[in-house]
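**Student:** First the structure, which I've put down as structure tokens, then a few questions once you've had a look.
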Amino acid sequence: MLNKRVCIVGLGYVGLPLLCLSMEKGYETYGLDISNERVELINNGISPIKDKFLEERLKKLKDVEATTDSSVLKKSDIIIICVPTPIDAQYNPNLKPLQSAAKTVSKELKKGDLIVVESTVFPGTTEEIIKPILEESGLKAGKDFYLAYCPERVDPGNKKWNVNNLPRVVGALSSEGLKQAADFYGSITSSDVLELNSVKAAEATKIMENTFRDINIAFVNEMAKSFDMMGIDITEVIKGASTKPFAFMPHWPGCGVGGHCIKVDPYYLISKAKENGFTHRFLNLAREINNSMPHYTVNKVIEGLNEIDKSVKDTKITVLGLAYKGGVDDIRESPALEIIDELKKLGADLNIFDPYIPEKSTVKDLNEALNADCIVIATDHPEFKSIKPVELKEKGIKVVIDGKNCLDKKGIVSFGIVYKGIGR
Ligand code: SAJ
């Protein structure tokens, strides 16, 4: 442990676990956020994020000091910025939260501080955007203070990999900054910390990791559309290909790609590359394919209802799931929202149920949610994956659209229920 005081700026799904870990490792640690409500909850040991692992951790911590008062930065030496970097409706990067956090830090910056950015950004952001804001303080990066980048790798809901044991990569504007950042992360993670030769390499690392995932999901989504037309069950093919012990990495088709990482990060690279005169045709195509999946899923609803001589209009349809992925309560960029919008426009008599988001559900439980002619699985929550075909039969469900290929197709079809998956 270094003899340093730490302040985490931004207490969301990235900053809050980091604050817990820093305190657990014995650092005098403060949290700074713009939300009074969030700060109140955290100071009372309550996690604003539904995550059992995080809730338990927070409860065990004594005297957590979260605040909205930026003067807390005066008594911090290592300041780690973990604020959101979303996209706008036109898929353009929105760096406003990050720039605002940097301005707040700049006002309290002092000699010897180490500033680390963890938020996902396009390569060049730390040097071209954050550094000038921090130097408005009159202090010089690399001389008076140090500036580094260490991409967050939090995977919400992941039981195996978390902030304690995730390998990290760091890049910095100076060798002293690199050393200080590597020393800090080395003191809190049980895994390795790789020092890269530039801050841009560290920024690009995160973008590459998530873009890699997006194009692989687009690949299986396109294969699903193709195999669907040949009557091939893509889940069988992926299982088959996964027996190859090398050079194949399974991804799974679905009703769309949501969340604040995989759907967002490619646009950060696409937009920066475009500024530099390069067009990412492949990344754009992958985004196009993944963005087409909610509409593809609604077409499956139309096809499925046509098989029983019904149309979407006035038919009782329940969308199961709002969250962007199973086991979480986060609806950011969720494909379920687009599916719901489209079904509403087609005049469906719609119900919505997500056990993780009761406040946005229109029915109180799964039993009530299954009072429908048609159900659409939009999120692979464990509660939905365990639905038995016989339950659907007993509830009189006539059409199942399985947007996550997570139900027992054979069993459902054996009860004479129309089943349509994504590529199966
Ligand atoms: N999805 C598919 N098919 C797949 C995998 C995911 O359609 O094969 C969909 C999901 O349903 C979801 C979206 O893509 O809508 C994103 O899913 P995700 O599992 O990638 O979940 P995220 O967005 O929480 O991604 C995080 C990322 N972590 C960080 O950015 C630090 C990502 O890098 C991880 O690879 C990912 O978790 C993970 O592996 O779980």
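No lab work stands behind these numbers, since they all come straight from the coordinates. Keep in mind the model is a prediction, meaning the values are calculated, not measured. With ideal geometry, Cβ positions are generated from the backbone for all residues, glycine too; neighbour counts draw on all protein chains shown.
**Student:** Mind putting a number on the dipole of the chain about its Cα centre? Charges go on the C-beta only, +1 for Lys and Arg and -1 for Asp and Glu, and I need it in Debye to the nearest 20.
**Tutor:** The calculated dipole for the chain is roughly 500 debye.
**Student:** For the chain, what does the relative contact order come out to in percent, with C-alpha contacts under 8 Å and a separation of six or more?
**Tutor:** 11
**Student:** Quick check on region 1-72: take the gyration tensor over C-alpha atoms, sort the square-rooted eigenvalues as a ≥ b ≥ c, and tell me if it's rounded (a/c under 1.5), prolate or oblate.
**Tutor:** oblate
**Student:** Roughly how many Å is it from the Cα centre of region 237-316 to that of region 1-33, as a whole number?
**Tutor:** 36
**Student:** Another question, then. Pick out, in residue order, every one of the trypsin sites (Lys or Arg not before Pro) in region 296-341 that is DSSP loop and has at most 11 other C-beta atoms within 10 Å; say none if there are none.
**Tutor:** Answer in residue order: K313.
**Student:** Here's something else I'd like to know. Ranking request for peptides 274-286, 196-208, 13-25: highest mean number of other beta-carbon atoms within 10 Å first, then the rest in descending order.
**Tutor:** 13-25, 196-208, 274-286
**Student:** Turning to a different aspect of this structure: Sorted by mean Cβ packing within 10 Å, highest first, what order do the peptides 370-381, 161-172 take?
**Tutor:** Result, highest mean first: 370-381, 161-172.
**Student:** Another question, if that's okay. Using a Förster distance of 30 angstrom, determine the FRET efficiency expected from the C-beta separation of E24 and E368, and round it to 0.05.
**Tutor:** 0.10
**Student:** What order, most packed first, do the peptides 115-124, 405-414, 29-38, 60-69 have when packing is the mean number of other Cβ atoms within 10 Å of each residue?
**Tutor:** Put in order of decreasing packing, that is 115-124, 29-38, 405-414, 60-69.
**Student:** Note down the net charge around K111, summing +1 for each Lys or Arg and -1 for each Asp or Glu among other residues with Cβ under 11 Å from its Cβ.
**Tutor:** That sum, taken over residues with Cβ under 11 Å, equals 0.
**Student:** Moving on. Quick check for me: using +1 on Lys/Arg Cβ and -1 on Asp/Glu Cβ, what's the dipole size of region 1-148 about its Cα centre, in debye to the nearest 20?
**Tutor:** 300
**Student:** If you put +1 on each Lys and Arg Cβ and -1 on each Asp and Glu Cβ, how big is the dipole of region 206-424 around its Cα centre, in Debye rounded to 20?
**Tutor:** Dipole size: approximately 440 debye.
**Student:** Report, in deg cm²/dmol and to the nearest 500, the calculated mean residue ellipticity at 222 nm for the chain, where each DSSP H run with n ≥ 4 adds -39500 (n - 2.57) and the sum is divided by the residue count.
**Tutor:** Here the helix-only value at 222 nm equals -11500 deg cm²/dmol.
**Student:** Quote to one decimal, in nm, the extra length available between E128 and S311 on full extension: 0.36 nm per residue of separation minus the C-alpha distance between them.
**Tutor:** 60.5 nm
**Student:** Same structure, new question: Give me the number: length gained by fully extending I46 to E275, i.e. 0.36 nm times residue separation minus the C-alpha to C-alpha distance, one decimal in nm.
**Tutor:** Result for the pair: 78.1 nm of gain on full extension.
**Student:** What distance in nm lies between label points placed 7 Å from Cα along the C-beta direction at N3 and N291?
**Tutor:** The modelled label-to-label distance comes out at 5.4 nm.
**Student:** Rounded to the nearest 0.05, what FRET efficiency do S175 and S71 have when you use their Cβ-Cβ distance and R0 = 25 Å?
**Tutor:** Once the sixth-power term is evaluated, E becomes 0.20.
**Student:** Oh, and also: Projected onto the charge dipole of region 5-197 (+1 at Lys/Arg Cβ, -1 at Asp/Glu Cβ, origin at the Cα centre), which of S47, I79, P151 gives the Cα projection farthest towards the positive end?
**Tutor:** The listed residue farthest towards the positive side: S47.
**Student:** I've got another one for you. Taking 7 Å along the Cα-to-C-beta vector as the label spot, tell me the F219-S100 distance in nanometres, rounded to one decimal.
**Tutor:** Taking the two extended label points, one gets 3.9 nm.
**Student:** Each label point is 7 Å from the Cα along the Cα-to-Cβ direction; what then is the distance between the points at K110 and F415, in nm?
**Tutor:** About 6.6 nm, to one decimal.
**Student:** Order by neighbour count: I215, I308, fewest other Cβ atoms within 10 Å first, most last.
**Tutor:** I308, I215
**Student:** Sticking with this structure for a sec: Which FRET efficiency, nearest 0.05, do F282 and K159 yield, Cβ-Cβ r, R0 45 Å?
**Tutor:** It comes to 0.85.
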